[in-house]
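What follows is a single structure, written as structure tokens, with notes after it.
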Amino acid sequence: MAKDGWTRPAREALRPDRGFRLADLDPSSTPGWKGDSEDAEARLAEVGLELAELQERLFAQSRTGGSRSVLLVLQGMDTSGKGGIVRHVIGYVEPQGVTHRAFGVPTEQERAHHYLWRIGQALPEPGRIGVFDRSHYEDVLVVRVHDLVPPTVWGARYEEINDFEKDVVDSGTTVVKVALVISPDEQRARLRERLDREDKRWKYKPGDLDERVLWPRYTEAYQAVFDRTNTDRAPWFVIPADRKWYARLAVAELLTQALRDLDPRWPPVTFDVEAEKDRLDAQVL
Ligand code: ADP
């Protein structure tokens, strides 16, 4: 057993409370975790295996009529580590059990629909863990920061998103929303690394620097998201992410807890196990 270094459950330590101010969050902190990075890696390995088994149970259940699924919504500035979460946390889960979808600038077809249309299309099937790398929240983040629609339009979206997520939850999908928060200095270091390393350079876009100067406006837009869409049925978790090992462990814990709450059981079989064993033993090929 790896040492469990949590002093408080991740879901309590990372849930913004009423007076939460994003600007006051220390992105290098490790709320609720008293261990070091090695302890965290050991714990992640353990939680990852549990996550994989729970998903398999959920999948097995869906084969016999179960309707539950889990959706992980990942938001964060460029280089905040969303891809690393997918590799290092979701990577534990059987690929068939995962529906991963990244949301970029809407395509022409997507623009012809309501902004929630493409989101509705990508929701996980029963038994699956859905992962959104960016999401409908871009429609109140990048869209707000760049004035892509008038304030009255994006202003109406928070309630619309809450209503949409209520329907998603009511249809059997547990929604876990995670925002990875890095500091401007950490982002500078990560962008610099992308420029320095040939194997990372392909991820760099000159436009990333133009987004970076809008940091205060993004902070404001994220604050509004937490103020207005942090519902009990689809809660936000705000994760300090300057330390990648902490962010990965925290997301693994949150996701695993969401599955534990569903308590998926191996489904009962409809045949006589002992009779099948006898039949198998008796078969000569
Ligand atoms: P990433 O930066 O996540 O690795 P991309 O290079 O594909 O992936 O970037 C996705 C871009 O799409 C981001 O700049 C994001 O802000 C933008 N985007 C996502 N959703 C929307 C949206 N609804 N409207 C406008 N831009 C969006």
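Among the residues of the stretch 102-120, is there at least one that is assigned to a helix (DSSP H, G or I), within 16 Å of the ligand (Cβ to nearest atom), open to solvent by less than 50 Å² (accessible area, probe 1.4 Å) and small (Gly, Ala, Ser)? Yes: the stretch 102-120 contains one or more residues that are assigned to a helix (DSSP H, G or I), within 16 Å of the ligand (Cβ to nearest atom), open to solvent by less than 50 Å² (accessible area, probe 1.4 Å) and small (Gly, Ala, Ser). Of all the residues in the stretch 229-258, those that are part of a helix (DSSP H, G or I) and not β-branched (Val, Ile, Thr) number 13. Restricted to the stretch 136-168, and to residues there that are within 12 Å of the ligand (Cβ to nearest atom) and charged (D, E, K, R), the residue that is farthest from the chain's Cα centre (by Cα) is Asp147. Among the numbered conditions (1) farther than 19 Å from Phe132 by Cα; (2) buried (at least 20 other Cβ atoms within 10 Å of the Cβ); (3) hydroxyl-bearing (Ser, Thr, Tyr), the only one that Thr219 does not meet is (2).
Kindly indicate the residue of the stretch 65-90 that is part of a helix (DSSP H, G or I) and surrounded by 14 or more Cβ atoms within 10 Å (Cβ to Cβ) and also nearest to the ligand (Cβ to nearest atom) among those meeting that condition. So, considering only residues that are part of a helix (DSSP H, G or I) and surrounded by 14 or more Cβ atoms within 10 Å (Cβ to Cβ), the one nearest to the ligand (Cβ to nearest atom) is Lys82.
State the number of residues belonging to the stretch 1-19 that are assigned to a loop (DSSP other than H, G, I, E, B) and either out of contact with any helix residue (DSSP H, G or I) (no Cβ under 6 Å at 6 or more places or on another chain) or closer than 17 Å to Ala241 by Cα (or both). Quick ask: steps written out before the conclusion?
First, pick out the residues of the stretch 1-19 that are assigned to a loop (DSSP other than H, G, I, E, B): 1-5, 7-9, 14-19.
Still in the running and either out of contact with any helix residue (DSSP H, G or I) (no Cβ under 6 Å at 6 or more places or on another chain) or closer than 17 Å to Ala241 by Cα (or both): 1, 4, 7-9, 14-19.
Selection size over the stretch 1-19: 11.
Contact map, the stretch 263-285: residues that are closer than 27 Å to Gly66 by Cα and in a loop (DSSP other than H, G, I, E, B) paired with residues that are modelled with pLDDT under 95 and not small (Gly, Ala, Ser), Cβ distance under 6 Å, separation 6+ or inter-chain. Pairs shown: Pro267/Thr64. Scanning the stretch 51-65 for residues being more than 22 Å from the chain's Cα centre (by Cα) and closer than 15 Å to Asp261 by Cα gives a total of 1. Report yes if Leu58 is away from the ligand (no atom under 16 Å from the Cβ), farther than 18 Å from Leu123 by Cα and either touching a residue at least 40 places away in the same chain (Cβ under 8 Å) or assigned to a helix (DSSP H, G or I) (or both), otherwise no. No, not satisfied.
When Val181, Val225, Val153 are screened for being surrounded by fewer than 18 Cβ atoms within 10 Å (Cβ to Cβ) and farther than 17 Å from Val70 by Cα, only Val153 passes.
The values are calculated or read from the model by the stated rules, or taken from the named source; none is laboratory data. Because the structure is a prediction, the values reported are computed rather than measured. As a convention, Cβ positions derive from the backbone with ideal geometry for all residues, glycine included, and neighbour counts pool all protein chains shown. We work out accessible area using only protein heavy atoms, side chains counted, and drop any ligands, DNA or RNA first. Shrake-Rupley method; radii C 1.70, N 1.55, O 1.52, S 1.80 Å.
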